[in-house]
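K.L.:
Sharing a structure with you now.
The values are calculated or read from the model by the stated rules, or taken from the named source; none is laboratory data. Just so it is clear, the structure is predicted and the values come from calculations on it, not from any experiment. No Cβ is skipped: glycine too gets one built from the backbone with ideal geometry, and neighbour counts run over all protein chains shown.
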Amino acid sequence: MQAVLQLMAQHTPDIEWDKEEREHHFQYQAKGVVHEVYFPTPRAMEERLELVAKAGGGVAIWELGQGVERFFDLL
């Protein structure tokens, strides 16, 4: 997530919500190449957790501490 935040600070992109993929993303250009970055956000995580709950499932989390603290508020 740090790399995504660094790219945002460096390129100040417009962040968009992909309605089909249910994920936030942005584009930036470097050395003539357009890059598309999808990244997790609390909104996307909340939607996933709602789907899991509706299906009667559960979640597993790995790489604890690699994300954004706000994600833990959703659990």
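K.L.:
Which residues, counting only those in the range 40-59, are within 17 Å of the chain's Cα centre (by Cα) and either closer than 18 Å to Gln6 by Cα or not in a helix (DSSP H, G or I) (or both)?
P.N.:
Pro40, Thr41, Val59 - these are the residues of the range 40-59 that are within 17 Å of the chain's Cα centre (by Cα) and either closer than 18 Å to Gln6 by Cα or not in a helix (DSSP H, G or I) (or both).
K.L.:
Given the residues Val68, Val33, Val37, which is the only one that is of a type in the set (Val, Ile, Thr), surrounded by 11 or more Cβ atoms within 10 Å (Cβ to Cβ), at pLDDT 95 or above and closer than 17 Å to Ala3 by Cβ?
P.N.:
Val37
K.L.:
Scan the range 11-19 and give yes if some residue there is of a type in the set (Ser, Thr, Tyr) and either loosely packed, with under 12 Cβ neighbours inside 10 Å or in contact (Cβ under 8 Å) with a residue 40 or more places away in the chain (or both), otherwise no.
P.N.:
The answer is yes; a qualifying residue exists.
Residues are listed down the side, and each one gets a yes or a no for (1) under 24 Å from Ile61 (Cα atoms); (2) of a type in the set (Ser, Thr, Tyr):
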{"site": "Leu5", "(1), (2)": "yes, no"}
{"site": "Trp17", "(1), (2)": "yes, no"}
{"site": "Gly32", "(1), (2)": "no, no"}
{"site": "Tyr38", "(1), (2)": "yes, yes"}
